[in-house]
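> Below are the structure tokens for one structure; questions will follow.
Derivation of every value follows stated rules applied to the coordinates shown; laboratory data play no part. This one's a predicted model, so the numbers in the text were calculated from it and none came from an experiment. Positions of Cβ are generated from backbone atoms using ideal geometry, with glycine treated the same way; all protein chains shown enter the neighbour counts.
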Amino acid sequence: MIGAEAMVKCLEQEGVKYVFGYPGVAICPFYNSILESDIKTVLVRTEQNAAHAASGFARISDVPGVCAVTSGPGATNIITGIATAYADSIPLVVITGQVKSDLIGSDVFQEADITGAVESFVKYSYLVKDADDLPRIFKEAFHIANTGRKGPVLIDVPIDIQNGVIRNFKYPESVNLRTYKPTVKGNSAQIKKVIKELNKSSKPIICIGGGVQLGQAKDEVLKFAETHGIPMVTTMMGIGTVPSSHKLYFGMVGNNGKPYANKAMNEADVIMMVGARVADRAISQPDLITRDKVLIHIDVDPAEIGKNAVSSIPLVGDCKAVFEELLTQDFDIECGEWIKELERYKKELKPVRKPNKKYVDPEGFINELTTKLKDKAVYIADVGQNQIFSCAHAVIKSNTRFLTSGGMGTMGYSIPAALGAKLADPSRQVVAVCGDGSFQMSMMELATFCQSKVQAKIIVFNNSYLGMVREYQHYTYKDNYSMVSLDGSPNLEKLVSAYDFDYYRLADMKGCSEVIDAFLKDKKNALLEVMIDPMDLVK
Amino acid sequence: MKAKRIYSVTVENRSGVLSKVSGLFSRRSFNIDSLAVGETDDPAVSSMTIVSSGDERTLEQIEKQLNKKLDVIKVKTYGEEQCVSRELMLMKVKYNKSNRAEIMEMCEVMKADIVDMSLHYMMIQICDTPEKIRLMINMFKSISIVEIARTGTLSLSKCNTND
């Protein structure tokens, strides 16, 4: 057996179904060996999107997404995708081909020091030096990627290792890493403190981050909140955890969040931060918000606790394990008055938009669209105004998944992520919503949908601008626009017809419901272009 | 409040580990006052002594971020008073007839050794606390220092009476 066959065998042992990637000479042995396997390959049109597609796949299937690209430019192109996954703690195993071992360091054709280059964006990386190490390295990589705080792991495999002979292939049953043992169970003394503080509190709030979904702790956290009647808010990455109609839910926090969600955080006396980083866009002044309050910070990554805000009760552990434990404890929490206060804020501070009737109102459109989506739909928002509108107005049902690039804010995420999400569970309805800017960053992937026979449902908010930056320049530079006009963009109807997509267009709110129905019912690949007022603002 | 802290870090002896650890410091804008690396009694394990300074939250983050690195086996941290610290310095100086005796006298006072010598140059070796090393350099500033090489601080926690 050669190294490349061993690599494929390792992936089979891990139950991998899809590999997203792009070939080149340095990864050819691997792509030759995979022909003998049942693992399916998806050829994206640029390497960055292999990582985004694998990310969409991972988030819906709860197993690491796998990509394989070639050395040099293949490897450097995928870095943005890896960094995007790292920022949102998405488990990926990224395989890169590398030049021959004895040529490493001599700057030969398509050589890049990829393990060095991605060091700050991966949980761990390997440069394979001996083909016999492959089974151990793959076993460790999958384990590291998908445990503790999840994240991408990179394996760089020189071509001579892929062609090298392995005498005795044995896939290890367990991993033995003395330096890596993530804490799962919460410390019982800390849990006692949590109980004490919550019992003293009259205004507690749970702030749900992306870690709750990643830790598969949604049911436990919701049950805990419901059992004790504690109100909830979410960060951007936490959207999708709580249904919009939940009577204890008070929206997304942050500078792009709901004013009443931020008010709730300010007024609370105990904040339970669960699987959230307290990042700048969610909590702009962490030291202010925690003054005169108790901050209970629950996270599987000890380094996140105390990084941005000083917590009163740090609680390191897996969200699911911690909340299972909390559910067995007795509490005496009464927040009926607090909920009434929050409901009053919700009424008083509800933002009112004044839509321009000549265009589609993003609020009305997203509301209509998400109301029509099935319970188990996957809504993927890109980055820009479309993302903020989506966060603010998407109706989340009990099993809706809301995916977006929150930490890195990588434009062009939604289309490849939709491809991966649909492959992860073809029975789910998947919709990618992007702007005309982000669409043009990943429109080459329309071909990938066609080639892989994956159904595409893409919605483009067309406002002829890079709207988020234009909005920033509107407020900060008094409408001195620089580099934000998207003049020269293609006619989308003509463009998608080249890929044999059906095309729908919505110029204003007239017929909105019917167009959405037709678009969603369409059995073919379809793109819906929605005309947005170029001067529309998210705030 | 800026404070000094010493991190005694044991790491897997693999290629690239030093750059991963030092890269972590530069990437997150942590200071490195000194860094010393060497093998331990187990050839698979290396020991790093890193001296850093910063406010309390930064110093705590350094420890947590070091612990997060998968090649890091153990991180121990101490304040300066909790450990024994030593540094080795080699210093080449230019001498002449008139100051040779003075130099030798200074070496004696500082418990430094002269380990190499030529007609005009001598090399002095001193192994002492970082504070003494600084003092030594200051003392020799009036004499002409040609070159200096330092190991950086090495530290181990003090032998506790209860151990």
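> Give me a single rounded figure for B:64-71: the average over its residues of other chain Cβ atoms within 10 Å of their Cβ.
Counting Cβ atoms of other protein chains within 10 Å of each residue's Cβ and averaging gives 5.
> State the answer as a single residue: which of A:Asn163, A:Ile114, A:Ala87 lies farthest towards the positive end of the charge dipole of the stretch A:47-171, with beta carbon charges of +1 for Lys and Arg and -1 for Asp and Glu, about the Cα centre.
Working it through, the farthest residue towards the positive pole turns out to be A:Ala87.
> With the dipole of the stretch B:84-156 worked out from charges on the C-beta (+1 for Lys and Arg, -1 for Asp and Glu) around the Cα centre, which of B:Val109, B:Ile148, B:Cys127 lies farthest toward the positive end?
Final value for the positive-end residue is B:Ile148.
> Students often check this: by mean Cβ neighbours within 10 Å, which of A:116-128, B:17-29, B:59-71 ranks highest, and how do the rest follow?
Peptide ranking by packing, descending: A:116-128, B:59-71, B:17-29.
> Run the numbers for A:Lys494 and A:Asp130: contour at 0.36 nm per residue of separation, minus the present Cα-Cα distance, in nm.
Going from the current span to full extension adds 125.9 nm.
> Here is a follow-up. If one computes P(r) from the Cα atoms of the protein assembly as shown, what percent of pairs lie at distances over 52 Å?
Value for the protein assembly as shown (Cα pairs over 52 Å): 20 percent.
> In Å, what Kirkwood hydrodynamic radius results for chain B from the alpha-carbon pair distances?
17.6
> Measuring from a point 7 Å past the Cα of B:Ser157 along Cα-to-C-beta, which residues in the stretch B:63-98 have an amide N at less than 13 Å?
Residues B:74-79, B:82-84 fall inside that zone.
> Could I ask something else about it? Just rank A:Thr476, A:Thr41, fewest to most, by other beta-carbon atoms within 10 angstrom.
Exposure proxy ranking, most exposed first: A:Thr476, A:Thr41.
> Given a Förster distance of 22 Å, report the FRET efficiency between A:Val108 and B:Leu18 from their Cβ-Cβ distance, rounded to the nearest 0.05.
0.30
> Need one word for the stretch A:332-486: rounded, prolate or oblate. Basis is the Cα gyration tensor (sqrt eigenvalues a ≥ b ≥ c); a/c below 1.5 gives rounded, then a/b vs b/c decides.
The shape class here is oblate.
> On to the next question. Put a dot 7 Å past each Cα toward the Cβ at A:Asp292 and A:Glu363; how far apart are the dots in nm?
Once both label points are built, they end up 3.1 nm from each other.
> Could you grab the relative contact order for the stretch A:362-531? Cα pairs under 8 Å, six or more apart, rounded to a whole percent.
Relative contact order of the stretch A:362-531: 21 percent.
> Now, a different point. For the stretch A:188-348, rounded, prolate or oblate, judged on the Cα gyration tensor with a ≥ b ≥ c (square roots of eigenvalues), a/c < 1.5 rounded, else prolate if a/b > b/c?
Here the stretch A:188-348 falls in the rounded category.
> Compute the helix-to-body angle for B:56-68: its Cα long axis versus the longest principal axis of chain B, expressed 0 to 90° and rounded to tens.
On a 0 to 90 degree scale, this one is about 70.
> Starting with the fewest neighbours, write out A:Cys391, A:Cys512 ranked by other beta-carbon atoms found within 10 Å of each beta-carbon.
Ascending number of Cβ neighbours within 10 Å: A:Cys512, A:Cys391.
> Is it possible to state the helix-based mean residue ellipticity at 222 nm for chain A, with each DSSP H run of 4+ residues giving -39500 (n - 2.57), the sum divided by total residues, to the nearest 500 deg cm²/dmol? What is it?
Helix-only estimate at 222 nm: -10500 deg cm²/dmol.
> Right, something else. What is the stretch A:3-163's relative contact order, in percent, from Cα pairs under 8 angstrom and six or more apart in sequence?
With pairs under 8 Å counted, the relative contact order is 27 percent.
> Can you sort A:Ile82, A:Ile206 by how many other beta carbons sit within 10 Å, fewest first?
A:Ile206, A:Ile82
> List the relative contact order of chain A as a percent without decimals, with contacts defined as Cα pairs under 8 Å and 6+ residues apart.
Reported as a whole number, the value is 13 percent.
> So if I take the centroid of the Cα atoms in the stretch A:131-198 and the same for the stretch A:218-281, what is the distance between those two points in Å?
Value for the Cα centre distance between the two parts: 31 Å.
> Starting from the Cα gyration tensor of the stretch A:3-163, take the square roots of the eigenvalues, sort them a ≥ b ≥ c, and report rounded, prolate or oblate (rounded when a/c is under 1.5, otherwise prolate if a/b is larger than b/c, else oblate).
Since a/c stays below 1.5, the shape of the stretch A:3-163 is classed as rounded.
> To the nearest 0.05, what FRET efficiency results for A:Leu43 and A:Lys200 with a Förster distance of 56 Å applied to their C-beta separation?
E(calc), rounded to 0.05, equals 0.45.
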